[in-house]
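Here is the structure we will look at, set down as structure tokens.
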Amino acid sequence: MPAYANISLRQYPILRITIALITGIVTQWYFSIPGKQIIIYSVITLLLLLVFQFVPESKKFILAWLRGLLILLLFVCFGLMNTWLQNIHNNYNWYGKIYKQNDIILATIQEPLVIKTNSYKALASINAVYENNTWANATGNVLLYFKKDSVKPVLHYGSQLIFNKPIQQIQNSGNPVAFNYNRYCLFQNITGQTFLASNDYKILSSVKKNLIQSSLFNVRDWALHVLQQNIHSQKELGIAEALLIGYRNDLDKDLVQAYSNTGVVHIIAISGLHIGVIYAALLSFFSLFKSSKLKMWLEPIIILLIIWMFTLVAGAAPSVLRASVMFTFLLAGKFLDRKGNMYNTLAASALVLLLFNPFYLWDVGFQLSYSAVFSIILFYKKISGSLYFKNKTLRWLWQLCAVSLSAQIFTLPLVIYHFHQLPILFLFSNLVAVPLSGIILFEELILFFLSWWHAAATFVGWVTEKCVLLMNDFIEHINKLSFSVWDGLQISIIELLIIFIIIFFFSFWIFTKKTRSLIKGIAFTALIFVLRDIDVIYHRRQQKIIVYNVPKQKAIDIIAGNTLRFAGDSNVIQDAFLRNFNLRSAHIKNKVFSNQHILLPDIENFILNVNSSKILLLGNESFYSNNQQRIPVDVLILSKNTQQTPEQINNLFQCNYIVADSDVPIWKSARWKKEFEQLHLRFFSVAQDGAFTLKL
């Protein structure tokens, strides 16, 4: 956005087209327009564009806006159609359209096995389904979990196997505002999962590999081997693997949380930062040579070759592919069209990626990458120019701060929305961690080049390990500061959009000095405060019970205002991973905070009165009543300890809701469900149906 008053989207045609494509993608996902209707819309738009060509020249200029609108509508249709086509549910060969329980499946392993706590995990593509004594071609991906026996399954990338174990749908936990795992898998064409014991499948002699993909896995395995041979500390090894190739299986969970709290988690997620570090270093290297025609042509070619070589070494993960495509367009725009603007170039890279996969739009990495780069392009010069230092070192430090500050303007709202926290010390953390991570990245690349020379590789590995240790210690010390992170933040999607509108108007005012933009920015800021006050008042009056879906655990929240009372297994609260993964988002959403948690004692067989509602957690002891009439209970919670049969429960209680918590085995809750349905009672299984929430 140039710093003058006459700003128009006409200057950014690719940006307008990209916005139109995004409109189509979002519309299709949330409104599910049938494919036939999309074709009709597309044909009508094309016909109108064709008719426009026969309009007299004198009218074309006047109706130019109409032609532009039709072109944008055409790209909206592209977005609709592309999203419809790439939704695996709309594929006529999707296995879900023909698969029946216990059909035989032919599948191909699509990745090396990943070691989990109790199993081996692999992504597999379905090739065919055996039905009616014939093999029917099929497509779609499933997650296979192999039981951990004494011998690891002899399965590799490309291995083919057959099995007839029922494929289960991928289900979300159903916990309030929990991560939508089902949608995450669907965007990767994964629509099912199954657990296989050693006698549930048969490995075939045939192998089905893609040469490029196989080479990428070989490169990744070689890179992991080099790092594991020369870096011996497990915590430092995990960071080194993530930093270079995006391999996250060896990361320490507490350390990852520390990186997130201090605002530098992007360091261990292969992204634009890594490509940017390499890009900046290569530009600095070429600046040492005098300008010439040879340099003008060689510089972009060599930079692109090195960037894409790094992409291959990093395993060509989606996040690094996004960054590489983005920097390829930026580089092409800089060296091939010096008069072009960066906004069109950035939009062009996003356009290509979204045409390739429209579901990138929901990827947090995609959102943060483009928000950060757009924010830097827009604000960096303004921020860096606000201060000037004669000292070169101070000037370099300020420029580094300016990059970080400008990147945060559009990314911080997204960070708050997705992660519910605001790293207060992000500027200081990035000031140290980003340059240090760049040094570590180059040390790792040197390590690979010298991997054949044992003595040199050992020395470089030792230096790399010490640098990673230094970075980890710095991050952990920052994380221990009580004010390092502002946690417990929650904004809705509407509030997120309003915040972006506020940033837009204030930015417009800064660049154009138009008072009207300032007034609009202040008005929307006031609106945000009003919405936040309404939200605070609402949550102060809330009364609800939540029975969470935490596998094989009991977890119940009783919320009154901003106070929370927890009943269940204490390790759900004490284990940081279980608490953060299952409960944290709901606590933040409901504005209940950790210092107000009250851990209730064993409440089995005690009736709790909450806001005129009666809640009972039925345990293993028989529940007796002196009254001849049935006991009225609003919510009756059954646990794995419950011994009474549904008929006995019906004779003893008059219940509005009967809930089996998540520590009840699925087979038992399925049996209970049938029996309660026969008694015409409302039964809810948390393990099967997701978390149970009721306003009291």
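The values are calculated or read from the model by the stated rules, or taken from the named source; none is laboratory data. Everything numeric here is computed off the predicted structure, so don't read it as measured data. Using ideal geometry, Cβ is built from the backbone for each residue, glycine included, and neighbour counts are taken over all protein chains shown.
Examine the range 23-31 for a residue that is under 31 Å from the mean Cα position of the chain (by Cα) and loosely packed, with under 14 Cβ neighbours inside 10 Å, and state whether such a residue exists.
Within the range 23-31, one or more residues are under 31 Å from the mean Cα position of the chain (by Cα) and loosely packed, with under 14 Cβ neighbours inside 10 Å.
Is it the case that some residue within the range 486-495 is touching a Phe, Trp or Tyr at 6+ places or on another chain (Cβ under 7 Å), at pLDDT below 95 and either surrounded by 18 or more Cβ atoms within 10 Å (Cβ to Cβ) or of a type in the set (S, T, N, Q) (or both)?
The answer is yes; a qualifying residue exists.
If a residue must be exposed (fewer than 14 other Cβ atoms within 10 Å of the Cβ), farther than 13 Å from Asp103 by Cα and of a type outside the set (Val, Ile, Thr), how many such residues does the range 113-136 contain?
Applying the first criterion (exposed (fewer than 14 other Cβ atoms within 10 Å of the Cβ)) to the range 113-136 yields 114-118, 132-135.
From the residues that got through so far, the ones that are farther than 13 Å from Asp103 by Cα too are 114-118.
Next, only the ones that are of a type outside the set (Val, Ile, Thr) stay: 116, 118.
Residues flagged as exposed (fewer than 14 other Cβ atoms within 10 Å of the Cβ), farther than 13 Å from Asp103 by Cα and of a type outside the set (Val, Ile, Thr) within the range 113-136 amount to 2.
I want to confirm something. Restricting to the range 1-18 and keeping residues that are in contact with a Leu (Cβ under 8 Å, 6 or more places away or on another chain) and surrounded by 12 or more Cβ atoms within 10 Å (Cβ to Cβ), which single residue is modelled with the lowest pLDDT?
Here is the first cut: in the range 1-18, the ones in contact with a Leu (Cβ under 8 Å, 6 or more places away or on another chain) are 1, 9, 14-18.
Retained after the next criterion (residues that are surrounded by 12 or more Cβ atoms within 10 Å (Cβ to Cβ)): 1, 14-18.
Numbers: Met1: 47, Ile14: 88, Leu15: 89, Arg16: 91, Ile17: 94, Thr18: 94.
Here the answer is Met1.
Under the condition of being aliphatic (A, V, I, L, M) and surrounded by 22 or more Cβ atoms within 10 Å (Cβ to Cβ), which residue from the range 548-563 is nearest to Phe581 (Cα to Cα)?
Val550
Hey, among the residues in the range 150-206 that are aromatic (Phe, Trp, Tyr) and out of contact with any strand residue (DSSP E or B) (no Cβ under 9 Å at 6 or more places or on another chain), which one's surrounded by the most Cβ atoms within 10 Å (Cβ to Cβ)?
Phe187
Can you name the residue in the range 438-458 that is β-branched (Val, Ile, Thr) and either in contact (Cβ under 8 Å) with a residue 24 or more places away in the chain or assigned to a loop (DSSP other than H, G, I, E, B) (or both) and is also farthest from Leu224 (Cα to Cα) among such residues? Spell out how you get there, then give the answer.
Going residue by residue through the range 438-458, those that are β-branched (Val, Ile, Thr) are 439-440, 446, 458.
Filter once more, so that each one left must be either in contact (Cβ under 8 Å) with a residue 24 or more places away in the chain or assigned to a loop (DSSP other than H, G, I, E, B) (or both): 439-440, 458.
On the way: Ile439: 19, Ile440: 16, Thr458: 15 Å.
Ranking the candidates gives Ile439 first.
Take the residues in the range 7-57 that are hydroxyl-bearing (Ser, Thr, Tyr) and touching a residue at least 24 places away in the same chain (Cβ under 8 Å), then tell me which one is nearest to Phe78 (Cα to Cα).
Ser42
Which one of the conditions (1) assigned to a helix (DSSP H, G or I); (2) touching a residue at least 40 places away in the same chain (Cβ under 8 Å); (3) closer than 20 Å to His156 by Cβ; (4) not polar (S, T, N, Q) does Leu204 fail to meet, given that it meets all the rest?
Condition not satisfied by Leu204: (1).
Return the residues of the range 536-577 that are touching a residue at least 12 places away in the same chain (Cβ under 8 Å) and in a helix (DSSP H, G or I); say none if nothing qualifies.
Val536, His539, Arg540, Ser570, Asn571, Val572, Ile573, Ala576, Phe577
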